[in-house]
Amino acid sequence: QVQLVESGGGLVQAGGSLRLSCAASGSIFSIRDMGWYRQAPGKQRELVATITTAGSTNYADSAKGRFTISRDNAKNTVNLQMNSLKPEDTAVYYCSADIRRSWGRPLNAYWGQGTQVTVSS
């Protein structure tokens, strides 16, 4: 069994910062890509940022220059530092990881339960 648990969401004023964290635990052999996605009310879930095992990153245009994704491979954690937050960043943020549970088994995508980020104007 694998669990992804997010933390760090909350309410912040526009222009403020938040740091989201996500820890993967359970039966894990290896983790490939990790990432953050978000879903605002009435909208589809969208990519925010991803990071490979080697540290290569990919950002949505809306996140470039404001958000920074990082990971600690030894601890199976991924973080998202969000600066200069805007009201349009308000959403539920989800952590995702591509995890292989044991040697020879396929990679599967796992998701956290989500953490609410609310940015007030």
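A few comments on the model shown:
- C-alpha center-to-center spacing [the range 38-55, the range 67-118] in angstrom: 8 Å
- Among residues other than Ala14 with Cβ under 13 Å from its Cβ, the summed charge is 0 (Lys and Arg +1, Asp and Glu -1).
- Per residue accessible area of the range 60-121, 1.4 Å probe, in Å²: 51 Å²
- 13 Å beta-carbon shell around Glu46, net charge (K/R +1, D/E -1): 0
- Farthest toward the positive end of the dipole of the chain, out of Leu85, Ile69, Ser25, is the Cα of Ser25, where the dipole comes from beta carbon charges about the Cα centre.
- When the Cα atoms of the chain are aligned to their principal axes, the ranges along those axes come out at 49, 25, 23 Å in descending order.
- The range 44-121: chymotrypsin sites (Phe, Trp or Tyr not before Pro) in DSSP coil with no more than 16 other Cβ atoms inside 10 Å: Trp103
- Protein accessible area in the range 27-121, 1.4 Å probe - carbon and sulfur %: 47 percent
- Dipole size of the chain about its Cα centre, with +1 on Lys/Arg Cβ and -1 on Asp/Glu Cβ: approximately 220 debye, rounded to the nearest 20.
The values are calculated or read from the model by the stated rules, or taken from the named source; none is laboratory data. These numbers come from a predicted model, not from an experiment. Cβ coordinates were reconstructed from backbone atoms using ideal geometry, including for glycine residues, and neighbour counts include every protein chain displayed. Keep in mind that these areas ignore ligands, DNA and RNA; they rest on the heavy atoms of the full protein, side chains included. Shrake-Rupley method; radii C 1.70, N 1.55, O 1.52, S 1.80 Å.
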